[in-house]
1. Residue 368 to residue 43: FRET efficiency via 1/(1 + (r/R0)^6), r the Cβ-Cβ distance, R0 30 Å, to the nearest 0.05?
2. Can you tell me the orientation of helix 136-148 relative to the chain, as the angle in degrees between its alpha-carbon axis and the longest Cα principal axis, to the nearest 10?
3. Do any trypsin sites (Lys or Arg not before Pro) in region 331-409 lie in a DSSP loop with no more than 13 other beta carbon atoms within 10 Å, and if so, which?
4. Can you put 16, 110, 213 in order of accessible area, largest first, using a 1.4 Å probe?
5. At a 1.4 Å probe, what is the % contribution of carbon and sulfur to the accessible area of the chain?
6. Please compute the per residue accessible area over region 167-232 with all protein chains in place, 1.4 Å probe, rounded to a whole number of Å².
7. Of 213/382; 205/330; 259/382, which pairs sit farther than 31 Å apart, going by alpha carbon to alpha carbon?
8. With every protein chain left in place, what is the accessible area per residue of region 84-125 in square angstrom, probe 1.4 Å?
Amino acid sequence: MRSFVTHLESALDGTKLSADEPRTLHRDRPLWVRYDLDAVARAVSPAALRDRPPTMWRYRELLPPAGDAEIITLGEGMTPLLPADRLAKRFGLRHVFIKDESQLPTGSFKSRGLAMAMTMAVRFGITRIAIPTAGNAGGAAAAYAARAGIEAFVFMPDDTPEINQYECLAAGARTFLVNGLITDCGRIVREGTAAMGWFDLSTLKEPYRIEGKKTMGLELAEQRQWKLPDVILYPTGGGTGLIGMWKAFDELAQLGWLKSDKLPRMVAVQSDGCAPIVRAFDAGERFAEPFENAATLAAGIRVPAAIGDFMILDAVRASGGRAVAVREAKIREWMRMTISCEGISICPEAAACVGALEQLAEEGWIGADEEVVIYNTGAAQKYPAAMAGELPRIDKDAPLDWDRIARGG
Ligand SMILES: *Cc1c(COP(=O)(O)O)cnc(C)c1O
């Protein structure tokens, strides 16, 4: 496979580094993967993509190089973009869509980043990885490590949704519960690098997960015939997805593939129980202070400090977007409301985006005729506690009460 990657570049100060060896951070901050986009434009066109398999690897010229046999894959990519008309109507809008990432392997969009990161780790001869996780990244890392036949160590808060704990266990990762937050797990992984000889696969600490997440943006563009929506609502934790999509749009613009110069306004959505990015956005800061006592049902966005904070904030501001915190207490309600009116299995993180949709539509910041895309980053089924409720019972020996059954309770 021909490589179009030219180098890696510090997101903080632009320092160029070679992409020929495994790398982590530069001055404690993330690296971008850079491409020769002129060469990409000569090698491939939108029309040439049409006959390729419906996975994220169809964009391989815009991804780090890997031969067919080297790709660690579970068939990730090409998730549906579903119209959500009934939901839209509730908020006085007409064009709301949900990009349903719950249908990916391991039930969340973390598959994209980890398929890419694991493919590169194996290419570089790495045989042992470690990852701190709020839940889904651990599950995906465990699955892709099993797929690759390499050893994985996963560290998660001890109140991480149970399914995430069990999926790591099932995939054979050495998995540990930590009585703290993802930031505490991150410290353990960092400290273990010397003693355990593992490669740190933390969000944004190696450059390739962004490239996998980038395919969320490439897909959206291709599914919409290279015309992007007006607004994207994205549940933001570490921010890889938002950063990756913005990078995708920038690369597509440079390639000349987009039908319009107008890029979407990116909205970083957080819960008011953990909103470091929103606080920094409101204060006009480029870096975010750690959020004390972070607590939210939406485990994937319970990230009190993000190493790519400035990359998220730069993207949001460059796009003319916003960072919005929604009420933690209402997440469960938005989740149930969306699933019951659209049938789409949305996770609590995406439910926060529904809350943001409600707020921004009410404020008039999103116009009735604007096109809005919400990313459903994971499957509701991974959060049994968030879905739980009491079901009415029927006594098989008692006479049936049809009025009660008709009421559902
Ligand atoms: C990880 C995660 C997020 C946050 O994603 P980032 O790109 O790291 O901000 C949102 N939703 C779910 C379900 C997640 O697992």
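The values are calculated or read from the model by the stated rules, or taken from the named source; none is laboratory data. Every value quoted in this text rests on a predicted model; they were computed, and no experiment measured them. Reconstructed Cβ throughout: ideal geometry from the backbone, glycine too, with neighbour counts over all protein chains shown. For accessibility, only protein heavy atoms count, side chains too; no ligands or nucleic acids. Shrake-Rupley method; radii C 1.70, N 1.55, O 1.52, S 1.80 Å.
1. On the way: r = 42 Å, r/R0 = 1.39.
Efficiency for this residue pair is about 0.10.
2. 50
3. Numbers: sites: 332, 336, 382, 393, 396, 404, 407; in loops: 393, 396.
Answer by residue number: 393, 396.
4. On the way: 16 140, 110 35, 213 0 Å².
Result of the area sort, largest leading: 16, 110, 213.
5. Details: 8320 of 16870 Å².
It is 49 percent, rounded to a whole number.
6. Numbers: 2450 Å² over 66 residues.
About 37 Å² of surface per residue is accessible.
7. Values: 213/382 20 Å; 205/330 33 Å; 259/382 37 Å.
Result: 205/330; 259/382 exceed 31 Å.
8. Numbers: 1460 Å² over 42 residues.
That works out to 35 Å² per residue.
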